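See below for the structure under consideration.
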Amino acid sequence: MTFSELLEISISTNLEFSEVILAQEMMETGRDPQKVKKALRKIMHVMLEEAEKNYGKEFNTLTNLTGNNGAKLSNAVPYMMSEFNHVATVVAISMGESNASMGRIVACPTAGSCGVMPGALYALKYIKKASDDELLKSFIVASGIGNVVAKRATLSGAAGGCQAEIGTATAMASSMITYYFSRDPVKVGNAAAISLKSLMGLVCDPVGGFVEVPCVKRNGSAVNVAIACAEMALAGIESVIPFDDVVNAMYNVGKSLPESLRETAIGGIAGTKSAQEIVEKIREKWDSKN
Amino acid sequence: MGLLEVSGPVMIGPSSSHTLGALKIARFVYKLMGIPQRVNFVLHGSFSMTYYGHGTDRALIAGVLGMKPDSFDVKDSYEIAKMYGLMYSFESGDLGDVHPNTVLIKAWKDDLYNEIEGSSIGGGAIKITKINGVECSLTGDFPAIVIVNKDKPGALKEILDCLSVNIANVYLRRINALEGIALTIIELDENVDDEVLRCLKRLDNVVELYFVKLEEGELL
Ligand code: SF4
């Protein structure tokens, strides 16, 4: 299924876009749309609950390379960020840190990228006072966007680099925000395309292989990319290259990334001298514990 | 893959392959035989390299204790294992030409002993690759019946005759030629009812019977 097919169905049937996505899901998987909707609502509630619970908290993470960044940002009065961005960023970082300390997260679309969607979702709910039903529609649209990437490319950092994980999460979050404000599937496509293009080529380079550095802060910056791209799309800016083509391009870029930049902790920042020293120290600490 | 797999699952972090997948493999042991008294985990490849920083150890223990992937208890599984009196040990080992994220779990409970080998193949998906030395390929997304049976002509037919549901895959191998014992693994499309299990238990050729049930909500 391509995004342009979804768009065509929505134009020819005049159905609300989240309904189009649920109907298409039924065609592909045979799953009852009402059940899928209910399950997605549950997932969305877990996201909001965890965002609320973990907002700006300090965490004792598995490697202690992160853990207090969400707290720092939430305690700071932003110099230039809007309240919406600030809240979204705190949540995105806090969820990344909660993940790294074995908290409960939603792998939306993956564990490493688990902060971007809740960041945008929580900001919509608490800053924009979005209702549950309106949020859910936008959340379903975001899931549909993620599904297009899953079907036509990959969501795995090991296969496609971080552009596939955090890149997809960003496209999803941007679509969610855009749909919430515009109810316009065409704008959603633009937001998704512009976001994914912004993070095209992003490599997967976790220090020591652990989902902390750069993952946690990358979630924080990515949610701002999502917001900025949504703002562009809402203003009527169009992506010259349509979303489906961007997804194909992302897939091809992922395939041409060397293995050292696909979750192997060999290249990128994981390959730096400082990263290697840090990992060395962590291992020593563990060895002395055992 | 569908919307729910893209926007989910709800899980305990930090890694779908090293935490969630590990838990699911270990949970297969629990589903097979309940909580064992003693377990030994042999970690292969990337599982042995980075397990501590991904909480793989806690996820494995959580799994054999029967915890679900989104249970807040996963983080505290060491303490909870103590409450159950579960004895555990970890070692690194070379399991041969297998997926980099592979674990072999040896589990003891009363006079039962089982060995389960499984791989975490990415995105939280798993494959159970060996049960008591018999190669198989179970996804854990379907129910399965594992039978230790006498290796006699007609034994398999008797077993299959008891089953009234669709059979997805059958794996079978002699595990002890001297005693004439074989292991039969049957992956099913759907859960079976008690009548089927009673039918199987009644068979003379069936020595041990395990039913790995698919729980409500595991798919949808
Ligand atoms: S760097 Fe790799 S492990 Fe970290 S979030 Fe990105 S894809 Fe996931």
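Here, each number is a calculation from the coordinates, and none is a lab measurement. Please read all numbers here as calculations on a predicted model, not as lab measurements. Counting neighbours? That spans all protein chains shown, and the Cβs are built from the backbone with ideal geometry, glycine included.
Give a residue-ordered list of calculated ³J(HN,Hα) values for region B:125-131 (Karplus: 6.51 cos²θ - 1.76 cosθ + 1.60, θ = phi - 60°; whole Hz; x for Gly, Pro).
For region B:125-131, the Karplus-derived couplings read 6, 10, 9, 7, 9, 8, 10 Hz, x marking Gly and Pro.
Quick one: of the DSSP bridges fully inside the protein assembly as shown, what percent are antiparallel, nearest 5? Can you show the working numbers first?
On the way: 49 of 56 bridges.
Of those bridges, close to 90 percent are antiparallel.
Running a GNM on chain A with Cα contacts under 10 Å, which residue among A:I194, A:I177, A:I269 ends up with the highest mean-square fluctuation?
A:I269
Given +1 on the Cβ of Lys and Arg, -1 on the Cβ of Asp and Glu, and no further charges, what dipole in debye does chain A carry about its Cα centre, rounded to the nearest 20?
Details: 28 positive and 30 negative charges, 104 e Å.
Magnitude of the dipole: close to 500 debye.
So for the pair A:D133, A:S182, with labels modelled 7 Å out along Cα→Cβ, what separation do we get in nm?
Label-label distance for A:D133 and A:S182, simple model: 2.4 nm.
Computed FRET efficiency, Cβ-Cβ of A:S12 and A:N64, R0 41 Å: what is it to the nearest 0.05? Don't jump to the answer; show the numbers that get you there.
Numbers: r = 55 Å, r/R0 = 1.33.
Once the sixth-power term is evaluated, E becomes 0.15.
Which whole-Hz ³J(HN,Hα) couplings does region B:156-161 yield from phi under the Karplus relation 6.51 cos²θ - 1.76 cosθ + 1.60, θ = phi - 60°, glycine and proline marked x?
Those phi angles translate into 5, 5, 4, 4, 5, 5 Hz.
For chain B, what is the calculated [θ] at 222 nm in deg cm²/dmol (nearest 500), taking -39500 (n - 2.57) for each run of four or more DSSP H residues and dividing by its residue count? Walk me through the intermediate numbers first.
Values: 7 runs with 57 residues, N = 220.
One gets -7000 deg cm²/dmol as the mean residue ellipticity at 222 nm.
Please order A:F181, A:F243, B:F90, A:F210 by the number of other Cβ within 10 Å, starting at the fewest. Let's see the in-between values first.
Numbers: A:F181 16, A:F243 28, B:F90 19, A:F210 25.
Fewest to most other Cβ atoms nearby, the residues stand as A:F181, B:F90, A:F210, A:F243.
How large is the helix-only mean residue ellipticity at 222 nm for chain A, computed as the sum of -39500 (n - 2.57) over DSSP H runs with n ≥ 4, divided by its residue count, in deg cm²/dmol to the nearest 500? Kindly include the intermediate steps, with their values, before the conclusion.
Working: 13 runs with 193 residues, N = 290.
Counting only the DSSP helices, I get -21500 deg cm²/dmol.
Would you please give the residues with an amide H less than 5 Å from that of B:V206, counting only those at least 5 places away or on a separate chain, with H modeled from the backbone geometry?
B:K150
Say we join alpha carbon atoms closer than 10 Å with springs in a Gaussian network model of chain A; which of A:M80, A:M102, A:M200 then has the biggest fluctuation?
So, out of A:M80, A:M102, A:M200, the one fluctuating most is A:M80.
If you wrap a convex hull around the C-alpha atoms of chain B and split its volume per residue, what is the figure in Å³?
Details: hull volume 28.1 nm³, N = 220.
Considering the Cα atoms of chain B, their hull volume per residue is 128 Å³.
I'd like the Karplus ³J(HN,Hα) series for region A:254-263: coefficients 6.51, -1.76, 1.60, θ = phi - 60°, whole numbers in Hz, and an x wherever there's a Gly or Pro.
These are the phi-based 3J(HN,Hα) values: x, 5, 8, 6, x, 4, 5, 10, 10, 6 Hz.
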